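J.: The structure's right below; bear with me while I get my questions together.
The values are calculated or read from the model by the stated rules, or taken from the named source; none is laboratory data. These figures come from a predicted structure and were not determined experimentally. For neighbour counting, all protein chains shown are included, and Cβ atoms are generated from backbone atoms with ideal geometry for every residue, glycine included.
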Amino acid sequence: TLKELKNVHQGYIKVSAATTSIYFITKMLASFSRIHEGITVSLHITNRKTLVEQLQNYEADLVVMGEPPANLDLYSQRLMCNPLVMIAPASHALAGRKGIPIGEIVAEKFVVREQGSGTRAAIERFFAEHGHTFSSTLEMGSNESIKYSVIAGLGLGIVSLHSIRLELETRSLAILDVGGFPIQRYWHIVTRDGKWLSPAAQAFKEYVIAEAATYAQDYQQLLL
Ligand code: PGA
């Protein structure tokens, strides 16, 4: 039970998490560590492609990711939404405009994540479904570099809402109101079937699931 798991005080857990999840998983880890001081969590932050490889090889105890691969035996639980939004510098001409048609925006330059990123895959799928392709993209391997590039004026970006909380607060970035956006995605916590979960790993998993429920409400506020 959840109560018994609160009493797990020792252990070592290997958690792998998507690059884009650092904006919430670090906070959850901090509060978990205060309750379970004796549990050591090794957190590996990487992109979706590497997470899938780690699941294939039974490497991580727990994986936090956007899209669990369909071709592996997994236990996967949905945590909360992960809306992908289109961002521009706050001073951009399109900032504040309502209902921008997607066709009007595809000719813009975009700064996007690398191949292998789950965010990137979702963006490509979205544009393909709407019958468009990017004309011009600049690839970067981290959400932070995308945000800074967009602020600097290199192009528009498409990132997880979770990643831009501070930039919205300081008004350095604006979310563009483009048709079809935000792209709706979800976070999952995933374990590989057949891999034994230690009590410590079980405790962390249950903790993350419980916390996610409160975060979900919090993030919805940002979109209002
Ligand atoms: P990523 O995030 O883009 O950092 O790989 C995973 C995902 O959102 O699917």
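J.: Looking only at residues that are among the hydrophobic types (A, V, I, L, M, F, W, C) and not in a strand (DSSP E or B) in segment 1-21, which one is surrounded by the fewest Cβ atoms within 10 Å (Cβ to Cβ)?
T.: 2
J.: Return yes when residue 170 is of a type outside the set (Phe, Trp, Tyr), outside the structural domain of residue 6 (by TED's automatic domain parsing) and more than 16 Å from the ligand (Cβ to nearest atom) and no when it is not.
T.: Criteria met by residue 170.
Rundown of residues vs (1) over 18 Å from the mean Cα position of the chain (by Cα); (2) of a type outside the set (S, T, N, Q); (3) surrounded by 14 or more Cβ atoms within 10 Å (Cβ to Cβ); (4) not assigned by TED's automatic domain parsing to the domain that holds residue 25, yes/no style:
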position: 41; (1), (2), (3), (4): yes, yes, yes, no
position: 59; (1), (2), (3), (4): yes, yes, yes, no
position: 64; (1), (2), (3), (4): no, yes, yes, no
position: 71; (1), (2), (3), (4): yes, no, no, no
position: 95; (1), (2), (3), (4): yes, yes, yes, yes
position: 105; (1), (2), (3), (4): yes, yes, yes, yes
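J.: Right, here's the next one. Considering each of 24, 32 in turn, give the residue that is in a helix (DSSP H, G or I), aromatic (Phe, Trp, Tyr) and over 22 Å from residue 145 (Cα atoms).
T.: 32
J.: Would you pick out the residues in segment 127-159 that are at pLDDT below 95 and under 15 Å from residue 182 (Cα atoms)?
T.: 127, 129, 130
J.: Would you be able to tell me the number of residues in segment 1-20 that are under 13 Å from residue 60 (Cβ atoms) and within 14 Å of the ligand (Cβ to nearest atom)?
T.: Qualifying residue count for the region: 3.
J.: Let me ask another. Could you say which residue among 197, 176, 161 is closer than 25 Å to residue 16 by Cα and buried (at least 17 other Cβ atoms within 10 Å of the Cβ)?
T.: Just a single option satisfies the conditions, and that option is 161.
J.: Residues of segment 34-50 being of a type in the set (Val, Ile, Thr) and either within 16 Å of the ligand (Cβ to nearest atom) or at positive phi (or both), which ones?
T.: 45, 46, 50 - these are the residues of segment 34-50 that are of a type in the set (Val, Ile, Thr) and either within 16 Å of the ligand (Cβ to nearest atom) or at positive phi (or both).
J.: Can you name the residue in segment 113-136 that is near the ligand (Cβ under 10 Å from one of its atoms) and of a type in the set (A, V, I, L, M, F, W, C) and, of all such residues, is surrounded by the fewest Cβ atoms within 10 Å (Cβ to Cβ)?
T.: 121
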